[in-house]
Amino acid sequence: MRGDGDGFVNSPDGTRQWGLFGAAGLLLRAPRSGGGAVVLMQHRAPWSHQGGTWALPGGARDSHETSAVAAVREAHEEAGIDPEAVRVRGSRVTATAPSGWTYTTVIADIAEPVATTANPESAALAWVPEEQVDARPLHPGFAAAWPLLRAEAARLALDGLGDTTDATRIAETLPRTVDLADQGFFWLHGNGSSGREARIAGASPGLGDSTDNVLYITVEQLLF
């Protein structure tokens, strides 16, 4: 479906970027059976720019759209993902051109790795284990951004909260992506033994900033 954002922006260095108002893509995670996360990836059609590489569903942002709205719309158009099932967790500007054009990667979760429906822009779609994403031939722009986007596994201890409403609400949100800004993204789960230890900040005496490889997260961050 064409929108008012379709078209190229010409940069002073002679390059062209798709999207008159910038572009956005969706990095969508889902829980993997047995633990960890899978990421929805698109094998780009041979005729497209950097065809044959793997990246994320995405495209031009229309004038009236936020990056999050554009990314979720593109995932619906290119992969058949129901927008109502998507939970946005954060975003990063992962490319900037001399013209001021930007590409924003929107990070989101979905409850399970649902079936997908490819449009002509996709040679294939696949739910790929997070640790195997960079084993595929990636679109150069996505390859450069991936180290900033990948999530570190972390296991959350809820025992410090006891039997409280917050503990119940937090447990119901897991597993999920948490955006801790300069610390990066974490795939947070509440069972198993894999990943970095995470605790609720302030749930026990002495808990504060992340130290000694323990990750401290506020209730507000977990319920966002």
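The values are calculated or read from the model by the stated rules, or taken from the named source; none is laboratory data. Computed from a predicted structure; not experimentally measured. So basically every Cβ, Gly included, is an ideal-geometry build from the backbone, and we count neighbours across all protein chains shown. Only protein heavy atoms, including side chains, enter the accessible area calculation; ligands, DNA and RNA are left aside. Shrake-Rupley method; radii C 1.70, N 1.55, O 1.52, S 1.80 Å.
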Review point. Name the pairs: first residue in the range 99-127 and touching a residue at least 40 places away in the same chain (Cβ under 8 Å) and over 12 Å from Leu26 (Cβ atoms), second residue open to solvent by less than 30 Å² (accessible area, probe 1.4 Å) and among the hydroxyl-bearing types (Ser, Thr, Tyr), Cβ to Cβ under 8 Å, at least 6 apart or on different chains?
Key: Ser99/Ser11; Trp101/Ser11; Glu121/Ser48
**Study point:** Hits in the range 67-89 - residues which are open to solvent by 40 Å² or more (accessible area, probe 1.4 Å), among the acidic types (Asp, Glu) and within 15 Å of Asn119 (Cα to Cα)
**Key:** Glu77, Asp82
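Output the number of residues of the range 95-116 satisfying the condition of being modelled with pLDDT under 95 and either in contact with a helix residue (DSSP H, G or I) (Cβ under 8 Å, 6 or more places away or on another chain) or part of a loop (DSSP other than H, G, I, E, B) (or both).
We begin by selecting, within the range 95-116, every residue modelled with pLDDT under 95; these are 95-103.
Within this subset, residues satisfying the condition of being either in contact with a helix residue (DSSP H, G or I) (Cβ under 8 Å, 6 or more places away or on another chain) or part of a loop (DSSP other than H, G, I, E, B) (or both) are 95, 97-101, 103.
Residues flagged as modelled with pLDDT under 95 and either in contact with a helix residue (DSSP H, G or I) (Cβ under 8 Å, 6 or more places away or on another chain) or part of a loop (DSSP other than H, G, I, E, B) (or both) within the range 95-116 amount to 7.
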Exercise for review: Hey, can you tell me all the residues within the range 115-137 that are under 29 Å from Leu188 (Cβ atoms), open to solvent by 30 Å² or more (accessible area, probe 1.4 Å) and not basic (Lys, Arg)?
Suggested key: Ala115, Thr116, Leu125, Trp127, Glu131, Gln132, Asp134, Ala135
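In this structure, is Ala97 open to solvent by 40 Å² or more (accessible area, probe 1.4 Å), farther than 21 Å from Arg176 by Cα and among the aliphatic types (A, V, I, L, M)? Quick ask: steps written out before the conclusion?
Working: open to solvent by 40 Å² or more (accessible area, probe 1.4 Å): no; farther than 21 Å from Arg176 by Cα: yes; among the aliphatic types (A, V, I, L, M): yes.
For Ala97, the condition - open to solvent by 40 Å² or more (accessible area, probe 1.4 Å), farther than 21 Å from Arg176 by Cα and among the aliphatic types (A, V, I, L, M) - is not met.
Output yes when any residue across the range 201-212 is modelled with pLDDT of 85 or more and assigned to a loop (DSSP other than H, G, I, E, B), and no when none is. Outline the logic, then answer.
The initial filter retains those residues of the range 201-212 that are modelled with pLDDT of 85 or more, namely none.
No: the range 201-212 contains no residue that is modelled with pLDDT of 85 or more and assigned to a loop (DSSP other than H, G, I, E, B).
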Point to revise | So Ala157, is it without any contact (Cβ under 8 Å) to a residue 60 or more places away in the chain and open to solvent by 40 Å² or more (accessible area, probe 1.4 Å) | key: no
